[in-house]
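J.: Handing you this structure, nothing more for now.
Please treat every number below as a calculation from the coordinates, not as lab data. Because the structure is predicted, anything quoted here is derived from the model rather than measured. In this analysis, Cβ positions are derived from the backbone assuming ideal geometry, glycine residues included, and neighbour counts consider all displayed protein chains.
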Amino acid sequence: MFLTDTELIELTGWRRVFDQRRWLKAHGWKFEISGIGRPVVMRRHAEQKMLDAADAKPAPPPVQHSSRRLPAGGRLSIASDQQFVLPSFTSMSLS
């Protein structure tokens, strides 16, 4: 009826209850908290979640614009009349 402690560790990759709960929330899993503070995940929900993930269509590859591609040989040629201004990082605080 519910995932075992071992299954929760395998699912989330975490042993600590706090970390398991954080992972479950971050990944949109429904769960309850037991009387001793452990996350409780229904097995049916886990199975459905895994089936949905397996059935999801893969995202299409990102579109590459021709202006972002390097020419053959992988080098850019820069005309001598072009100027480049680099940002100044001296005004940034590192604290």
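J.: List the residues of the stretch 17-48 whose backbone N lies under 13 Å from a point placed 7 Å from the Cα of E10 along the Cα-to-Cβ direction.
T.: Counting only backbone N, you get 47.
J.: Take V40 and W23, extend 7 Å from each Cα along the Cα→Cβ direction, and tell me the distance between the two endpoints in nm.
T.: 2.1 nm
J.: Hey, what D do you get for the stretch 5-55 in µm²/s if you plug the Kirkwood alpha-carbon radius into Stokes-Einstein at 10 °C and 1.306 mPa s?
T.: After rounding, the answer is 142 µm²/s.
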